[in-house]
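Read the structure below first, then the notes.
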Amino acid sequence: ATIFYSNTTSTANFTITACWLNASKIDDNSAYIHVYNGDGVAVFKLSVVVAATVTLNCDATMGTVEGAGDYAVGGNATVKAVPALGHSFVAWLNGADTVSTKAEYTFPVEKDVTLNAVFQAEANKTLTLAVNDAKLGSITLPEGIVMGENSLAYGTKVALTAVPVEGATFNGWYNGDALYATDYTIEVAVTDDLALTAIFVNVLKVEYVLN
């Protein structure tokens with residue numbers, strides 16, 4: 001394949017015939033084509049680049065792929081695999097060979113290539129939500145999410161907001177004894193079992209003790 005790039009801002013239309021007779025080689029993969037008018041004057045120049053085609057395949061019920069198309073030989077191509085809800089990305093295959101286990105993969109283009117994105121189905125994961133003291137605060141939940149245990153499809157994204165009552169403050173989201181996040185509002189992608197507790201502190205009580 002060949003890709004043509006304009007080297008001028010001219011809006012004129014040209015018919016190119018026998019143009020390779022007037023090509024100037026730049027390197028092994030590119031050249032200039034000079035376009036002449038009826039008086040033999042060079043009025044237009046095109047960059048000609050040898051191109052290769054990147055073809056992408058996947059099981060459309062498990063995910064989608066991005067980045068297929070023609071690329072200049074010698075340059076790089078970036079492809080991306082996006083798993084559907086309930087699925088995860090496994091690998092990019094070229095034939096039977098694994099070329100990458102990263103969902104976003106950049107590689108040098110040398111020739112036409114066909115890549116297959118492999119996905120797999122995942123079991124549901126459990127998101128468990130709690131607060132340390134319901135008198136000090138609560139969690140604003142999206143529709144379908146409840147306090148306690150939630151069985152969710154792998155990869156489900158859940159937005160959570162910690163809301164302290166007057167006289168209390170939010171201390172953070174904890175996974176067991178480990179601090180998970182400090183922002184009041186977080187978005188969790190459930191790719192594993194996860195238990196989060198919103199910790200609230202009674203500010204008035206703390207100030208009283210300090211005084």
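The values are calculated or read from the model by the stated rules, or taken from the named source; none is laboratory data. On a predicted model such as this, the values are computed, not experimentally measured, just so you know. No Cβ is skipped: glycine too gets one built from the backbone with ideal geometry, and neighbour counts run over all protein chains shown. Accessible surface is based on the protein model in full, side chains and every heavy atom, while ligands, DNA and RNA are left aside. Shrake-Rupley method; radii C 1.70, N 1.55, O 1.52, S 1.80 Å.
What ranking of Lys80, Lys135, Lys102 comes out by heavy-atom accessible area, probe 1.4 Å, highest first?
Lys135, Lys102, Lys80
Extending each Cα 7 Å along its Cβ direction at Lys135 and Thr78, get the distance between those two points in nm, one decimal.
About 5.3 nm, to one decimal.
Would you work out the relative contact order for segment 138-211, in percent, from Cα pairs under 8 angstrom that are 6 or more residues apart? Walk me through the numbers on the way to the answer.
Details: 111 pairs, mean separation 25.2, N = 74.
Relative contact order comes out at 34 percent.
Largest first, how would Tyr154, Tyr180 line up by accessible area (1.4 Å probe)?
The ranking, largest first, comes out as Tyr180, Tyr154.
At 1.4 Å probe size, with every protein chain present, just tell me what the per residue accessible area of segment 145-195 comes to in Å².
Numbers: 2890 Å² over 51 residues.
Ligands and nucleic acids excluded, the result is 57 Å² per residue.
Please state the shape class of segment 101-143: rounded when a/c is under 1.5, otherwise prolate if a/b exceeds b/c and oblate if not, all from the C-alpha gyration tensor.
Here segment 101-143 falls in the prolate category.
To the nearest 10 square angstrom, what accessible area does Phe89 show with a 1.4 Å probe?
Ignoring ligands and nucleic acids, Phe89 comes out at about 40 Å².
With every atom except the alpha carbons ignored, what do you get for Rg and Dmax of segment 60-178, in angstroms?
21.3, 66
Under a point spin-label approximation (7 Å from Cα along Cα-to-Cβ), what is the Val99-Val165 distance to one decimal in nm?
6.0 nm
What's the FRET efficiency of Ile186 with Ala121 using the Cβ-Cβ distance as r and R₀ = 25 Å, to the nearest 0.05?
The value I calculate is 0.40.
Can you give the extra length, in nm with one decimal, that the chain gains between Val50 and Asn175 once fully stretched, where that is 0.36 nm per residue apart less the Cα-Cα distance? Spell out each step's value before the answer.
Numbers: separation 125, 0.36 × 125 = 45.00 nm, distance 5.37 nm.
That pair, Val50 and Asn175, stretches by 39.6 nm at full extension.
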